[in-house]
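The values are calculated or read from the model by the stated rules, or taken from the named source; none is laboratory data. Predicted model only: the values in this text are computed from it and were never measured. With ideal geometry, Cβ positions are generated from the backbone for all residues, glycine too; neighbour counts draw on all protein chains shown. The area values use the complete protein model at the heavy-atom level, side chains included, leaving out ligands, DNA and RNA. Shrake-Rupley method; radii C 1.70, N 1.55, O 1.52, S 1.80 Å.
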Amino acid sequence: SPDPICVTHQDSGLFIEINSSFTQTFGWSTADVIGRSADEIGLWDASAKSLRRIEQVIREQGLNNVAILVQHKDGQALTCVISSRQISVGDQPCIVTTLRDITQQQRSEAALKASEEKFAKAFHSSPDAITITERDTGRYLEVNDGFCRLTGYRADEVVGKTVYQVGIWAEEKQRSALLAELQIKGRVHHQEMLGRNKRGEILTVEVSVEPITLNETACLLLTARDVSLLKNAEAQIRHLAYHDPLTDLPNRRRFTETLDTELRRAERFGESLALVFVDLDDFKRVNDRY
């Protein structure tokens with residue numbers, strides 16, 4: 001058996017036999033344990049009261065898949081699932097006990113739980129909008145507070161519904177292109193898209209998508225950041241660069257670039273170009289005053 005097994009006298013608790021897995025798992029050799037009890041070798045990692053209780057239960061009732069701490073010969077504590085039952089060996093009442101080391105399993109589960117807790121904390125506290133949807137159906141499985149702030153929807157208004165039912169995307173072609181890129185590249189980073197909030201207002205968002213698997217279901221982890229204000233600021237900066245702040249008319253820079261473009265176009269197509277200059281008397285006074 002790959003699991004450690006030992007046989008002990010029911011009355012005295014003295015070891016009669018152990019298998020090789022017992023030695024490999026706990027470090028105790030046959031010579032170390034035969035004729036001695038678990039209490040004597042310090043097998044159970046527990047208080048004296050607990051030790052007596054474990055021995056009593058094993059002798060009187062037996063155990064079935066109970067988790068206890070077992071002491072390795074080098075002092076390391078191992079978590080094991082223990083099962084025992086009564087048998088007869090040469091007309092003597094004995095106990096056969098099977099132990100299964102689940103220490104690594106517990107560590108892995110603890111690490112997974114810690115990882116899930118970190119993910120959940122990052123998911124819900126992120127200022128960005130984050131959603132988890134089923135890849136094939138588009139059904140929302142989870143949304144965070146950032147999503148609710150961005151879109152105006154409550155979580156219970158979208159979870160269980162699909163992106164089509166909620167109508168979160170303003171341009172379906174953009175979403176189709178996003179899914180196509182995701183299929184080709186495996187992930188999408190910082191793609192600009194148009195979204196729609198609960199009030200129907202158009203939002204410019206920067207989207208990143210990662211494929212994940214939850215409960216053996218292919219899902220998409222989407223992060224969206226509202227860049228509407230940034231885009232408006234960029235548009236305003238571009239406008240100021242090419243327009244006069246007083247009249248809001250195109251300025252000299254815009255004129256120069258436009259004239260250069262039209263001259264090249266006229267030359268390429270063999271066309272003529274006329275330029276009209278209009279002067280305003282005393283405009284300098286208005287400009288200096290205002």
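Over the Cα atoms of the stretch 74-114, Rg to Rh with Kirkwood Rh, two decimal places?
1.25
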Exercise for the section: Give the Debye-formula value of log10 I(q)/I(0) at each listed q (0.11, 0.20, 0.25 Å⁻¹), with one equal scatterer per alpha carbon of the stretch 67-150, two decimals each. Expected result: -0.60, -0.96, -1.14
Problem - residue 36-residue 194 pseudo-label distance in nm [points 7 Å out on the Cα-to-Cβ vector] - result: 8.0 nm
Handout entry: Environment charge of residue 243, counting only residues whose C-beta is closer than 10 Å and scoring Lys/Arg +1, Asp/Glu -1
Key = +1
Problem - Cα shape, the stretch 163-249, gyration tensor, a/c 1.5 rule - result: prolate
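Write down, largest first, the equivalent ellipsoid semi-axes of the stretch 208-271 in whole Å, where each equals the square root of 5 times an eigenvalue of the alpha-carbon gyration tensor.
46, 21, 5
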Problem - List 140, 290, 164, ordered by accessible area with a 1.4 Å probe, largest first - result: 290, 164, 140
Handout entry: Cα Rg over Rh - the stretch 142-290, Kirkwood
Key = 1.20
Exercise for the section: Starting from the Cα of residue 198, draw a straight line to each of the lysines and keep only those under 25 Å, dropping any in the same chain fewer than 8 residues away. Expected result: 161, 173, 231
Exercise for the section: Classify the stretch 118-168 as rounded, prolate or oblate from the Cα gyration tensor: take a ≥ b ≥ c as the square roots of its eigenvalues, call it rounded if a/c is under 1.5, otherwise prolate when a/b beats b/c and oblate if not. Expected result: oblate
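On average, how much accessible surface per residue is there in the stretch 117-249, in Å², for a 1.4 Å probe, leaving out ligands, DNA and RNA? Don't skip to the answer; put the middle values down first.
Working: 8200 Å² over 133 residues.
For the stretch 117-249, the per-residue accessible area is 62 Å².
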Handout entry: Under the Debye formula (equal points on every Cα, no solvent term), log10 I(q)/I(0) of the stretch 115-208 at q = 0.11, 0.14 Å⁻¹
Key = -0.31, -0.52
Practice task
Could you run the Karplus curve 6.51 cos²θ - 1.76 cosθ + 1.60 with θ = phi - 60° over the stretch 154-163 and give me ³J(HN,Hα) per residue in whole Hz, x for Gly and Pro?
Solution key: 7, 4, 6, 7, 10, 5, x, 9, 9, 5
Practice task
For the chain, just the Cα set please: Rg and Dmax, both in angstrom.
Solution key: 37.5, 126
Practice task
Considering Cα pairs under 8 angstrom that are at least six residues apart, work out the relative contact order of the chain and quote it in whole percent.
Solution key: 10 percent
Completion exercise
On the accessible surface of the chain, probed at 1.4 Å with all protein chains in place, carbon and sulfur together account for a percent value of 51 percent
